[in-house]
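Throughout, read-outs are computed from the coordinates displayed, never taken from laboratory work. Computed from a predicted model, the values in this text were never measured in an experiment. Here Cβ is always computed from backbone atoms with ideal geometry, including for glycine, and neighbour counts include all displayed protein chains.
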Amino acid sequence: MKPARFCYHQPTTVDEAVALLGQLAPEDGRILAGGQSLVPTMAFRMAQPPHLIDINGIAELAGIEVDGDIVRIGACVRHTAFEVAGAVPGATGVWLRKVVRHIAHYPIRTRGTFCGSVANADPASEWCCAVTAIDGRIVARSASGVRRIAANQFFEGVMATTRRDDELVTSVELSLLPEGTRCGFAEFSRRPGDFAIAMAMASYRLVDGNRIAEARIAVGGAEPMPRRIAQAEAELNGKTPSTPVFAAVADAAAAAIDPMEDSNNTADYRRGLVRTMTLRALENAA
């Protein structure tokens, strides 16, 4: 099939894009960045927006900026940007490079965008899990002003967020992890490039010789939205890295979640995957 007819708008500044969105959002006007989720739904006519606002011509949305201990990722930054060593400095960059190679296939990574993935809020999105794990902030701009929304207040459920219809996600901000942070990631999908059924991210630092501190454990894909698992983090902090400790943390993560069910995956299956992915993420970090 082909998309239904629509009007195409191509703003060259953020102000122009925000003004257009404020005008056209009540008519189901949509933002087009990478289009890797929107365009297929339009092709099947599952979505028929009468207006598309293409933000790819806005230069200020195309870069990654580091300001002190904050990295700011613009709305048009492609997934492949994070495959480049040094694109994001330090441990945060290492973590993001581990994550990006799991996203879909290379042609999709060349077009899809980091912020678009976050705004779409698919439970299986690797970047949604990453933003949650690093306590990121989503920067949303409208004619009324700018909001910086914490990740744990942005995601509301399956493809549901607190972004207002007239708000443009202009960037995502991440706090750079301290030097010496160890980071790991693991996910499971039935075939390479498929949507993940479950994923886990883990990071920690070693202090006082060999004691774990600043633990972060986040799970995605298994529940309607990604989240940090406080019970698992508490199980990890203060311990010495070892297989038994990591296994206990994985058990805690699996016990804490309320997994989704679908025609292919039972709740118990997803819970078991979370246990295994958490253990693998911790081993990957170590």
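Of (1) assigned to a strand (DSSP E or B); (2) out of contact with any Phe, Trp or Tyr (no Cβ under 6 Å at 6 or more places or on another chain), residue 222 satisfies all except one. Which?
Single failed check for residue 222: (1).
Output the number of the condition that residue 60 fails; it satisfies all remaining conditions of (1) surrounded by 16 or more Cβ atoms within 10 Å (Cβ to Cβ); (2) within 22 Å of residue 110 (Cβ to Cβ).
(1)
Restricting attention to region 159-172, and to residues there that are buried (at least 19 other Cβ atoms within 10 Å of the Cβ) and within 20 Å of residue 129 (Cβ to Cβ), which single residue is farthest from the chain's Cα centre (by Cα)?
163
Do we have any residue at all in region 93-114 that's in a helix (DSSP H, G or I) and under 21 Å from residue 53 (Cβ atoms)?
Yes, there is a match, as at least one residue in region 93-114 is in a helix (DSSP H, G or I) and under 21 Å from residue 53 (Cβ atoms).
Please determine whether any residue of region 45-62 is under 24 Å from residue 190 (Cβ atoms) and more than 20 Å from the chain's Cα centre (by Cα).
yes
Among the candidates 92, 41, 80, single out the residue that is in contact with a strand residue (DSSP E or B) (Cβ under 7 Å, 6 or more places away or on another chain), under 30 Å from residue 186 (Cβ atoms) and polar (S, T, N, Q).
Numbers: 41 fails: in contact with a strand residue (DSSP E or B) (Cβ under 7 Å, 6 or more places away or on another chain); 80 fails: in contact with a strand residue (DSSP E or B) (Cβ under 7 Å, 6 or more places away or on another chain).
None of the others qualify; the one that does is 92.
For region 249-268, name all the residues that are surrounded by fewer than 16 Cβ atoms within 10 Å (Cβ to Cβ) and more than 21 Å from the chain's Cα centre (by Cα).
Result: 255, 261, 262, 263, 264, 266, 267, 268.
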